[in-house]
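For reference, the structure is listed below as structure tokens.
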Amino acid sequence: MTERLVVVGSLNMDLSITVPRLPGPGETVQGADVVRGAGGKGANQAVAAARLGATVRMVGLLGDDAFGTELRSCLAGEGVDDRAVADLPGAASGLAMIVVQQDGENTITLSPGANRHLDVPALESLTDGPLAGPADTVLFQLEVPLPTVMAAARAARTAGALTVLNAAPRPDPGPVLTELLGQVDVLVVNETEAAGLLGLAADALHGEQDWTAHAERLRELGPATVVVTLGAAGAVAAGPQGRLRQPGFPVDAVDTVGAGDAFCAQLSIALGAGRPLAEAVRRACAAGALAATRTGAQHSLPTRAEVDALLARAADPADAAASGAGTEVRHAH
Ligand code: ADP
């Protein structure tokens, strides 16, 4: 699997402080030492894909500040091609200030910074030529302006590339989103995002049993293939060949940050390489499960060898506990 993956998206610095309890308005609470980590859904998915063995190009904007320099070196250190990532003069890099209560409850304040300035002219100047080639896969999220994602999806489509949208964070419905969904081949959402796209309240579908039917309804919005991630329960998918359910891999989960990003990266690589949907979803669930066993965003992302090892263990009938097996494919009529 050495297909080229182009990721158009956000880059953020995450600053986290763990506190005994979250401060109220006007209150100061002392916490532990600050933990700094590279983040942003775009950069996380680019780094995830590189660790999973893909050739990756990132397209995005950083500020011209110290965080930008650090974020760029994180990308380059993972072997991600950063030539289409520019430093925007006078801008601050994207920043997430995360306060985590000891029981895991958290608050996040996000400053999109340079990500907010990734408009259509900026996108065009960054890529200096076609965004992607016909054999490439292009992966987007929604942490950069929607019209830019739309333009990138259209350019990727025109080039004949496979387009994958991780519609996160949960989008607000509107005409641009509707048009965007018509430009993507593969849509990946979690339960909350799925509900949003179906015009339902965030928690309307929690505990839902028949997720494959909802995946099928999401296909009616445009994407030929829809994958819904269900946390520890795994994922469901619906595509032209039918519906499937992939149970989660049983792991000792400590922190699910990064799980969705690992999932999206692995799914995109596998589908880009022409693997069948059931195999791609199974691999993606393995990548997500491994990311859940470690703390942090980019720090927790697994390598290709780790995914291969988990899949090999799961395929071994002697190791039933790691099986996560039972992929059931029901063909569409
Ligand atoms: P998001 O963080 O975007 O809401 P999910 O929580 O659905 O995404 O996680 C993405 C994928 O990661 C899931 O489909 C699943 O395969 C895997 N995963 C997440 N949490 C766990 C867990 N606790 N145990 C096993 N797999 C998990």
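Taken over region 167-204, the criterion of being open to solvent by less than 10 Å² (accessible area, probe 1.4 Å) and within 16 Å of the ligand (Cβ to nearest atom) is satisfied by Ala167, Ala168, Val186, Leu187, Val188, Val189, Ala194, Ala195, Gly196. The residue that is most open to solvent (accessible area, probe 1.4 Å), among those in region 273-294 that are over 11 Å from Leu311 (Cβ atoms) and away from the ligand (no atom under 13 Å from the Cβ), is Arg275. Taking region 184-196 as the range and being modelled with pLDDT under 95 and over 19 Å from Glu208 (Cα atoms) as the test, no residue passes.
Can you name the condition, by its number, that Glu143 falls short on among (1) more than 16 Å from the ligand (Cβ to nearest atom); (2) modelled with pLDDT of 95 or more; (3) open to solvent by 10 Å² or more (accessible area, probe 1.4 Å)? The failed condition is (1). What are the residues in region 244-270 that are over 15 Å from the mean Cα position of the chain (by Cα) and either more than 8 Å from the ligand (Cβ to nearest atom) or closer than 24 Å to Gly104 by Cβ (or both), if any? Correct list: Leu244, Arg245, Pro247, Gly248, Phe249, Pro250, Val251, Asp252, Ala253, Val254, Asp255. Filter region 234-262 for residues that are open to solvent by 60 Å² or more (accessible area, probe 1.4 Å) and more than 18 Å from Ala168 (Cβ to Cβ) and give the result. Within region 234-262, Pro240, Gln241, Arg245, Pro250, Asp252, Ala253, Val254 meet the criteria.
Of the residues making up region 198-216, just one is touching a helix residue (DSSP H, G or I) at 6+ places or on another chain (Cβ under 9 Å), over 19 Å from Gly234 (Cβ atoms) and of a type outside the set (A, V, I, L, M), namely Asp203. When Asp128 is tested against (1) within 15 Å of Glu179 (Cα to Cα); (2) surrounded by fewer than 18 Cβ atoms within 10 Å (Cβ to Cβ), just one condition goes unmet, and that condition is (1).
Helices (runs of 4 or more DSSP H) fully within region 255-320 that include at least 2 residues being more than 19 Å from Leu5 (Cβ to Cβ): 277-292, 304-315.
The values are calculated or read from the model by the stated rules, or taken from the named source; none is laboratory data. Every value quoted in this text rests on a predicted model; they were computed, and no experiment measured them. For neighbour counting, all protein chains shown are included, and Cβ atoms are generated from backbone atoms with ideal geometry for every residue, glycine included. Surface accessibility is based on the protein's heavy atoms, side chains included, excluding ligands, DNA and RNA. Shrake-Rupley method; radii C 1.70, N 1.55, O 1.52, S 1.80 Å.
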